[in-house]
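*Asks:* Take a look at the following structure, please.
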Amino acid sequence: LHLSADEPPAEFASWASEQRIQLVRLGAGADANMLSPWKPVSEEVVVEGLRRVLDPSSYPLLVMCNLGRHRTGTLIGCLRKLQCWSLTSVLEEYRRHACAKSRHLNEQFIELFDIDLVRVPEHSP
């Protein structure tokens, strides 16, 4: 999953194609305006991303964005909420990976994310 409004670098897209890796972009098109560096990822992108993360037919799976901090961290933070992690643990993991670049808006998004928007499969991983 590539969480970016931007096209992936041509070299990366070529390599993924050569390796027969399906590159799924979330956030392109109508959601592109929501993926500015200063706005949290949209709820729609997170819900679709979680749907794909929870689908075993998608495995193996890599979640990435341009830097692997904010959009990826937000999506994984919401996954941790689905996994019933405490909010303290979720935010500690986000901050550990975002380092000094953690963003309060992303933390707030994770805290307020409604996990009832995502249907967890009966035999989820």
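The values are calculated or read from the model by the stated rules, or taken from the named source; none is laboratory data. In this text the structure is predicted, and so the values were computed from the model without any measurement. Positions of Cβ are generated from backbone atoms using ideal geometry, with glycine treated the same way; all protein chains shown enter the neighbour counts. Keep in mind that these areas ignore ligands, DNA and RNA; they rest on the heavy atoms of the full protein, side chains included. Shrake-Rupley method; radii C 1.70, N 1.55, O 1.52, S 1.80 Å.
*Asks:* Which one of these does LEU75 not meet: (1) over 20 Å from GLN22 (Cβ atoms); (2) open to solvent by less than 80 Å² (accessible area, probe 1.4 Å); (3) part of a helix (DSSP H, G or I)?
*Replies:* (1)
*Asks:* I'm checking my understanding of the structure. Among residues of the range 7-26 that are among the charged types (D, E, K, R) and open to solvent by 90 Å² or more (accessible area, probe 1.4 Å), which one is nearest to the chain's Cα centre (by Cα)?
*Replies:* GLU7
*Asks:* Keeping to the range 109-125, report how many residues are surrounded by 11 or more Cβ atoms within 10 Å (Cβ to Cβ) and assigned to a helix (DSSP H, G or I).
*Replies:* Residues in the range 109-125 being surrounded by 11 or more Cβ atoms within 10 Å (Cβ to Cβ) and assigned to a helix (DSSP H, G or I): 5 in total.
*Asks:* Return a yes/no flag: does the range 55-70 have any residue that is assigned to a helix (DSSP H, G or I) and acidic (Asp, Glu).
*Replies:* No, that holds for no residue.
*Asks:* Looking at the structure I just gave you, is ARG69 within 13 Å of SER4 (Cβ to Cβ) and either among the small types (Gly, Ala, Ser) or surrounded by fewer than 19 Cβ atoms within 10 Å (Cβ to Cβ) (or both)?
*Replies:* Yes: the conditions hold for ARG69.
*Asks:* Another question, if that's okay. Can you name the residue in the range 46-62 that is closer than 22 Å to PHE12 by Cα and in contact with a helix residue (DSSP H, G or I) (Cβ under 7 Å, 6 or more places away or on another chain) and is also modelled with the lowest pLDDT among such residues?
*Replies:* SER58
*Asks:* Those residues that are within 17 Å of GLY49 (Cα to Cα) and open to solvent by 40 Å² or more (accessible area, probe 1.4 Å), I need them from the range 82-108; list them, please.
*Replies:* GLN83
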